[in-house]
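Here is the structure we will look at, set down as structure tokens.
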Amino acid sequence: MKFLAVCGFGVGSSMILKMTIQKALRELDVDADVVHTTISEAASEQADAIFTSKEFVDDLEKRTKAKLYPVKTYSNLEEVKKQVQQALEDHEE
């Protein structure tokens, strides 16, 4: 699986989100690729799931067919883990 962590500039916050997703995946004992990127670059990436802030969801829905998972606090492991679990469940369907 491939997950994208997306923010406006693809630098600071998306890197924090990427690290939190990776930590959640380790706790869930799941192997997946996690890449951090910008909104504009996310549209050209093939991904199973995109994690981003709620404010970017509408824009990304127009640019990609990947499932979107909004995260309010990128460093909140429990919140991110919940969204990762949902993405894993959705992928199995």
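The values are calculated or read from the model by the stated rules, or taken from the named source; none is laboratory data. A quick note: this is a predicted structure, and the numbers were derived from the prediction, not measured. With ideal geometry, Cβ positions are generated from the backbone for all residues, glycine too; neighbour counts draw on all protein chains shown.
Some notes on this structure:
- When residues of the range 83-93 are limited to those that are part of a helix (DSSP H, G or I) and either out of contact with any Phe, Trp or Tyr (no Cβ under 7 Å at 6 or more places or on another chain) or of a type in the set (Phe, Trp, Tyr) (or both), the one nearest to His36 (Cα to Cα): Val84
Yes/no per residue for (1) farther than 15 Å from Gln85 by Cα; (2) at pLDDT 95 or above; (3) of a type in the set (Lys, Arg); (4) in contact with a strand residue (DSSP E or B) (Cβ under 6 Å, 6 or more places away or on another chain):
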| residue | (1), (2), (3), (4) |
| --- | --- |
| Lys2 | no, yes, yes, yes |
| Gly12 | yes, no, no, no |
| Thr20 | no, yes, no, no |
| Gln46 | yes, no, no, no |
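- One residue alone among Ala5, Ala24 is among the small types (Gly, Ala, Ser), part of a strand (DSSP E or B) and touching a helix residue (DSSP H, G or I) at 6+ places or on another chain (Cβ under 7 Å), and that residue is Ala5.
Residue by residue, here is whether (1) modelled with pLDDT of 95 or more; (2) in a strand (DSSP E or B); (3) within 12 Å of the chain's Cα centre (by Cα); (4) surrounded by 17 or more Cβ atoms within 10 Å (Cβ to Cβ) holds:
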{"residue": "Asp31", "(1), (2), (3), (4)": "yes, no, no, no"}
{"residue": "Ile50", "(1), (2), (3), (4)": "yes, yes, yes, yes"}
{"residue": "Asp58", "(1), (2), (3), (4)": "no, no, no, no"}
{"residue": "Glu61", "(1), (2), (3), (4)": "no, no, no, no"}
{"residue": "Lys65", "(1), (2), (3), (4)": "no, no, no, no"}
{"residue": "Tyr69", "(1), (2), (3), (4)": "yes, yes, yes, yes"}
{"residue": "Lys81", "(1), (2), (3), (4)": "yes, no, yes, yes"}
